Each structure stands twice: as C-alpha cells, then as structure tokens.
Amino acid sequence: MATGADVRDILELGGPEGDAASGTISKKDIINPDKKKSKKSSETLTFKRPEGMHREVYALLYSDKKDAPPLLPSDTAQGYRTVKAKLGSKKVRPWKWMPFTNPARKDGAMFFHWRRAAEEGKDYPFARFNKTVQVPVYSEQEYQLYLHDDAWTKAETDHLFDLSRRFDLRFVVIHDRYDHQQFKKRSVEDLKERYYHICAKLANVRAVPGTDLKIPVFDAGHERRRKEQLERLYNRTPEQVAEEEYLLQELRKIEARKKEREKRSQDLQKLITAADTTAEQRRTERKAPKKKLPQKKEAEKPAVPETAGIKFPDFKSAGVTLRSQRMKLPSSVGQKKIKALEQMLLELGVELSPTPTEELVHMFNELRSDLVLLYELKQACANCEYELQMLRHRHEALARAGVLGGPATPASGPGPASAEPAVTEPGLGPDPKDTIIDVVGAPLTPNSRKRRESASSSSSVKKAKKP
C-alpha cells in the first residue's frame, strides 16, 4: 500500500527536510544513496515586467540568461559561412613578368603581364574567346558559272564580302562603311539578299551528295514590309493612336456582350429542355398505371436539369422528420422569385401553406416548381423580345443614316408626312466612332429589367389560368 511519502515522491512535492523530518525512506534514497538531491530551479529569482512597458522593450533589457544587452551589435557565430584560406608554411609558386601576343591581332603587338612560371610558353588563355564568322570564299570560275548577276558586278560583290569579313556580318555597320560613291547605292536588305543568295548557291554547289544541307534563306520582301509597317506605326499621330485605343475598347465591349448573350442563350436552352422534359414526364405518369414501381425503374428516370424550377431537398436521413419541412423552399431560390411565386399563388387562389398530407406536399411542390419554371421562361422571352426590338431600331437608324450601303429610308415610326429622308454628304458624314455596328446588342439596364420582370410576373398567371 502506498504511503504519503510515496505520493509526495511521485508528485515531487516533498523536500529533503520533509523526508528527514518524517523519517521515511524514499525511492531515490534506495537507488542513489550517495548522491545529493538537486535543488529546485524555482529558487531562482524572476523579474516581473513593469506595468506600462511594452513586451518588446522589456525583451531588449535582458536575455534568457539575464545578461545585460551589448552596447554594439555583435555576432556570436563562430567563423564565417565559408572557410577562410588556410595559409600553410609551404613554398609559394613563383610568378614571372613575361611577354605575350594576342592571336586576334594581326600586327604582332607584344604585351606583358604577370603569369606563373610554370605556364611560360603556353598560349594566351583568352584566345579561345576569339570567335570569327566563317565567310565563304569563291573563285573566279565559280563566280562566272554560278554567282553572276546583272545587277551586281564582281568588284561590288568582292567589296561586300570583304566588309562582311571585317565586321563579322554586322550589316548595319557594313551598310555604313559601304562605298556608295564608287558603287550603286544599296539598302541593308539588298546587301543581305546578295550575301545570303551567294552563300546558298555555294552550299548547293559544294555539297556532297547524300548529306543534309542547312541553306540560309533571307526574304528581302518580308523584311522591307516589316520595316515599312514599323515606320508607319512609329509615325502615327496622337489622333490615330486615340482612335485605335477607342476601337480596341469597343471590340472588348462587343466580345463581352457576345459572351453574355451566348451564356443567356445556353440558360434559355436549358430552360426549354427542362420544360420539355417535365411535360414528357407528366404525360408518362398519367398514362402509366398507379402501381408501386421497383426502385431500379425509378432510378432510370431522366434527370431534370437543376435550372428547371425548384429542386427540393430529399429527407432520407435517419430520424423523425416533419412532412411540412419538405414544403420549405431551398435557400437557392432568391427573394425576387419567392415574391413572384407568392403573388402567382395568390392570384390562382392557392394557400401559401396547405395541409401537409403526402399527396398535397407532392402536388404543391410540383406546382411551385412549374410556376418558377414559367416565370423564368417568361423572363427569358421578355429579354429576347427586348433585344430583338433594340436591334431592329438600331438597324433602322443605321439604314436611315446610309451606313449599311443601301438607300436612305425614312423612319418607320409615325411622323409628319413632310419628313424627308436624311441625306449624307461625302464630306459631312457621321463620325466613324458613332457608326460602329454592334451586332451583339446592348446589355439590359437594371431598371428596364425590373419593369419587364414585374410586368411578366403579373401577366404570366393570367395567361396560365384555365377558362
């Protein structure tokens, strides 16, 4: 049976004085009878942070060892990150002041530098960076047979290849140093075309049969057109730059409207498909006998898209649930649709919360789903009619202004009989910025959309009532 001393020994509550006073022998006395017991570290003094002093300021006063902070910043790490060079007592390698020549120079100039004595007589180490372009050399016979050109003389061709060797095919420098007084004035594209044409001819003539050739090709016409386009781009006026930016912005707007219209058409197609699927299911249910079908056949029913009406949640979890919970509208239905749905139910004379029997719950949910689907279809139809009307008015305005290329026609709306068609003169035509044809249509404004939704929601129920 454990005694109080054993409990104090386990919890480390008792001290040496308490054990000696009680006269009991602890476990430590039996295992380590010769060693002295260590004193608790709780005897060390702790300094409390003064009130009003921030923690960061107090941490600067003392470190963990309670040492005073240093006056100057110091690094306590031993040594550097990379080991220093260890200088031994061996004999150093001798260096010598010796001459050298650069193979890149053809004048035989002599220079001097310090170098190790063991490397005396070796080549200049930086000579390997002396890279030169290999310019082909042709003979008199090859020139007369393959390279002759009526627009170029042999002296002019030799002068071109001599400058190519001197300036390493830097054709801008070659064009600057070209002798335009002695020879015909040439452009940079003419010099490149002549040089690469000769290189291709010599490569074809000197090629060994059966080897793959890498023939250089230079399109002088493309290079001239590229520079001409760059020059036109650089010489644009500020008005032309502003007009181009305006056209790019209009293009982005048209593309955004086009994407929005494609999205709306996809949503409309989903609604139409959902309506057709729902109607087909209703016909099938009416024709089929009222029998309990197995679960496998129920799973084979075509799935209705999520956008078709309302998707009510299924309560298949274990536990007790109320049947009225199945009549609650999901959170995905917006407040606008809920208000429109309540208005349509009131106009039809249906209670908003009927008695939740099994048959009533099923039929009430189907009715509300169909009403929401009808509301969405009416809204989509109103949007399409509005866009069609906007495009029709825009087409008539452009036709009246003569932008579409046809004769100017008077306005189709009611007006005075003496109204004459607008005639556009060549010099006083409309601004091209104002006559941009937007084939997609302007986006619907929020106010017009709200008015159309309220009108469609009130008229949709009247049309859906049975006589």
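The values are calculated or read from the model by the stated rules, or taken from the named source; none is laboratory data. In this text the structure is predicted, and so the values were computed from the model without any measurement. Here Cβ is always computed from backbone atoms with ideal geometry, including for glycine, and neighbour counts include all displayed protein chains. Surface areas here come from the heavy atoms of the whole protein model, side chains and all, with no ligands, DNA or RNA. Shrake-Rupley method; radii C 1.70, N 1.55, O 1.52, S 1.80 Å.
Before moving on, here are some points about what is shown:
- Among 126-137, 253-264, the peptide with the highest mean count of other Cβ atoms within 10 Å heads the list, and the full ranking is 253-264, 126-137.
- Legend: residues TYR138, TYR143, TYR196, sorted from most to least accessible area (1.4 Å probe; ligands, DNA and RNA excluded), read TYR196, TYR138, TYR143.
- Peptide ranges 392-401, 374-383 listed from the most packed, as the mean C-beta count within 10 angstrom indicates: 374-383, 392-401
- Centroid-to-centroid separation of the stretch 148-166 and the stretch 120-135 [C-alpha atoms, Å]: 29 Å
- Computed from phi, the 3J(HN,Hα) profile of the stretch 219-236 under the Karplus parametrisation 6.51, -1.76, 1.60 (θ = phi - 60°) reads 9, 5, x, 5, 5, 5, 5, 4, 5, 5, 5, 5, 5, 5, 5, 6, 8, 5 Hz, with x in place of Gly and Pro.
- Cα shape, the stretch 140-235, gyration tensor, a/c 1.5 rule: oblate
- Packing, taken as the mean count of other beta carbons within 10 Å per residue, orders the peptides 222-228, 187-193, 359-365 from highest to lowest as 187-193, 359-365, 222-228.
- Distance from the stretch 331-375 to the stretch 177-226 (C-alpha centre basis), Å: 82 Å
- Rounded to the nearest whole Hz, the Karplus-based 3J(HN,Hα) values (6.51 cos²θ - 1.76 cosθ + 1.60, θ = phi - 60°) of the stretch 172-184 follow the sequence 5, 5, 4, 5, 6, 8, 5, 7, 7, 7, 7, 10, 5, with x at glycine and proline.
- Computed magnitude of the charge dipole of the stretch 93-191 (debye, nearest 20; Cβ of K, R +1, Cβ of D, E -1): 940 debye
- Summing charges over neighbours of ASN130, with a neighbour being any other residue whose Cβ is under 13 Å away from its Cβ, gives +2 when K and R count +1 and D and E count -1.
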